[in-house]
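See below for the structure under consideration.
The values are calculated or read from the model by the stated rules, or taken from the named source; none is laboratory data. Note that the coordinates shown come from a computational prediction; the quantities given were computed from them, not determined experimentally. Note: ideal-geometry Cβ built from the backbone for every residue, glycine included; neighbour counts use all protein chains shown. Ligands, DNA and RNA are stripped out before the accessible areas are found, and what is left, the full protein with its side chains, is counted by its heavy atoms. Shrake-Rupley method; radii C 1.70, N 1.55, O 1.52, S 1.80 Å.
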Amino acid sequence: MIRRFLYNFFQGRNGFDPIAKLTVALALAAALLTLFGGWVGLVFDLAAMALMVYTWWRVLSRNIYKRQEEVRRYLDRTSGLRQYFRNLRTRFSQRREYKFFTCPTCHTMLRVPRGKGKIQITCRKCGNRFSGKT
Ligand SMILES: [Zn+2]
């Protein structure tokens, strides 16, 4: 009964998307900062409320095409940042077997096995050669 109601309610609406994830996180951060109290706390209180109103407005929006267009632009603009964090995770999980270098010319992340001493590294993207200690 409730499930059916929720299903009908969200039918044809945008729903929870990556931008909602971001705005909810920002709202929670702002809510935490209200602990400062005073007028600073008040500002963050208002910011948290505004962010939650904005989140719900987007989640319940019926203009799905436009919302998806916003998500596409948002993901497009943050792709460098998301790639950076993906790389960090990769480096951390493989830190024992591999050493990571960044190409000085094109800044591509390169992975080489550890324990090979001083070696010549050739960038797989731009062909630049440089030496590194593994
Ligand atoms: Zn390169």
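What the range 1-45 shows is 79 Å² of accessible area per residue, with the surface traced by a 1.4 Å probe over protein heavy atoms.
Annotation: lysines with alpha-carbon distance below 28 angstrom to Lys118 (same-chain offsets under eight excluded): Lys99, Lys133.
Share of carbon and sulfur in the accessible area of the range 2-77 stands at 69%, probe radius 1.4 Å. Shape summary of the range 1-54, radius of gyration then Dmax from alpha carbon positions: 15.0, 45 Å.
Under a Cβ-Cβ cut-off of 13 Å, what is the net charge of the residues other than Lys133 that fall near it, where Lys and Arg count +1 and Asp and Glu count -1? In short, +4. Here Ile2 sits with roughly 120 square angstrom of accessible surface, probe radius 1.4 Å.
Of Val112, Val43, the residue with the largest accessible area leads and the full order is Val43, Val112 (1.4 Å probe). Across the protein chains, with a 1.4 Å probe defining accessible surface, the residues Val24, Val59 rank Val24, Val59 from largest area downward. Applying the Kirkwood pairwise sum to the alpha-carbon positions of the chain produces a hydrodynamic radius of 19.1 angstrom. Ordered by 1.4 Å accessible area with all protein chains kept, Asp45, Asp17 run largest first as Asp45, Asp17. Quarter the surface of the alpha carbon convex hull of the range 43-109 and you get the mean projected area, 7.9 square nanometres.
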